[in-house]
1. Criterion first (part of a helix (DSSP H, G or I) and closer than 16 Å to Phe304 by Cα) does Ala114 satisfy it?
2. In the stretch 5-51, how many residues are assigned to a loop (DSSP other than H, G, I, E, B) and within 19 Å of the chain's Cα centre (by Cα)?
3. Quick one: Ala114 ticks every box in (1) in contact (Cβ under 8 Å) with a residue 60 or more places away in the chain; (2) within 16 Å of the ligand (Cβ to nearest atom) except a single one, so which number is it?
4. Which one is nearest to the chain's Cα centre (by Cα), of the residues in the stretch 82-116 that are more than 17 Å from Pro342 (Cβ to Cβ) and surrounded by fewer than 20 Cβ atoms within 10 Å (Cβ to Cβ)?
5. Would you check which residues across the stretch 71-109 are in a helix (DSSP H, G or I) and among the β-branched types (Val, Ile, Thr) and list them?
6. Of the conditions (1) within 16 Å of the ligand (Cβ to nearest atom); (2) out of contact with any Cys (no Cβ under 7 Å at 6 or more places or on another chain), Phe151 clears all except one; give me its number.
7. Which members of the stretch 202-216 meet the condition of being within 14 Å of the ligand (Cβ to nearest atom) and within 10 Å of Arg188 (Cβ to Cβ)?
8. Please determine, by comparing only the residues of the stretch 296-318 that are among the charged types (D, E, K, R) and buried (at least 20 other Cβ atoms within 10 Å of the Cβ), which one is nearest to the ligand (Cβ to nearest atom).
Amino acid sequence: MVWLRVVMDDGIEGFGECAALAEPTYSEEYAASSWLVLQQHLVPRLLQSGDLGEPPGAGDGPAGAPWQAGAPWQAPAAHVAKVSAEVRGHNMAKAALEMAVVDAALRRAGRSLADCLGIAVSRVEAGAVVGIGDTVEALVDEVAELVVRGFRRVKVKIRPGWDLAPLGALRRSFPGLLLQADANGAYRPDDVEVLRRLDDLRLTCIEQPLPPDDLVGHAQVAGAIVTPVCLDESITSLGRLDEALALGACQVVCVKPACVGGIAAAQQVHERCRQAGVDLWCGGMLETGLARSANTALAGLPGFTLPGDLDGGPRFEEGEPVVAPQAIGGWVPVHRGPGVGPPPDHAVLGRLSRRVAWLGAGGLPEKT
Ligand code: MG
């Protein structure tokens, strides 16, 4: 896990959490690549790009004081986006950099992200997620506990051979549950007959049935089955979303801010989905309470029409800098304090740090 800490000239701090996993199994990006691209390409560019308070392109607020003008996170986020655009890909690293800079801007302004996004609600509905189980009976028991905890939506991971039987049993046991399946790209276009057999189960959607690159295949599946198709891993940018919508590849979208490059990009995805009348929900990576707070604030926007993967709680045995709040009755609270989320526990951050690099204004490592 890679964390960023920015210290502004006046001592204000901001933190960013990179969602990249230890291995490149979920996405091309992984923690070691994020570390390198941040250290060697993104942070040096940001440091060399001038005063964060005067974003290139202007138009974001009065000259010299854009940090305080209007929504205090937008100008710094736009600045980071412009600088980051010189580097291709690496959205999770870019999202972490944006988060750290935006966190500092919000702390300086004494505002929460939710406040700046115009989120009036104090809590957002979360869904539960269940992995591939050993037996159908154990799965039904697990979901029963989640229903008792108050979750109205449960998402079940599926793959060829673990689909119709577990989902059918869940539907029989929980007729009114918002039941959703996530295939993580495990099927192929030839499997459409298998997917068609799920049509009677009234699933909210089937998420990412085919591999991320196969938008044409998703369009074919979407046209061949009744269950709405949701895209998750495929949605890596606004451009990809536009392609998917133009092809008719999905009726539902899951946006993960880390995967599209950050909060501002996720907000653009939200606007596009809202314009297109496409159902949207907020996904998440294996994130702690900082990123999860940003996701929860975003999920309070009106275009997020379905419960998101926002439930928290401790995630790592060795501890984490910010523990994400657990859902109560299926709802998670919106962070209202200054910043993107609660400040991290410095002692935990220090104890967990295996490697630390400081980058100064010249863009060169001062201490490694
Ligand atoms: Mg998914």
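1. Yes: the conditions hold for Ala114.
2. Of the residues in the stretch 5-51, the ones assigned to a loop (DSSP other than H, G, I, E, B) are 8-12, 19-30, 49-51.
Of the ones still in play, those that are also within 19 Å of the chain's Cα centre (by Cα) are 19-30.
The qualifying residues number 12.
3. That leaves (2) as the condition not met.
4. Per the stated criteria, the residue is Gly89.
5. First, pick out the residues of the stretch 71-109 that are in a helix (DSSP H, G or I): 74-84, 91-109.
Within the stretch 71-109, Val80, Val83, Val101, Val102 meet the criteria.
6. Failing condition for Phe151: (1).
7. Those that are within 14 Å of the ligand (Cβ to nearest atom) and within 10 Å of Arg188 (Cβ to Cβ): Pro209, Leu210, Pro211.
8. Step one: filter the stretch 296-318 for residues among the charged types (D, E, K, R), giving 309, 311, 315, 317-318.
The next check asks that each one be buried (at least 20 other Cβ atoms within 10 Å of the Cβ); those that pass are 309, 311.
Working: Asp309: 8, Asp311: 14 Å.
Top of the filtered list is Asp309.
The values are calculated or read from the model by the stated rules, or taken from the named source; none is laboratory data. Everything quoted here is computed from the prediction, not taken from an experiment. A quick note on method: Cβ atoms are made from the backbone with ideal geometry, for glycine too, and the neighbour counts reach across all protein chains shown.
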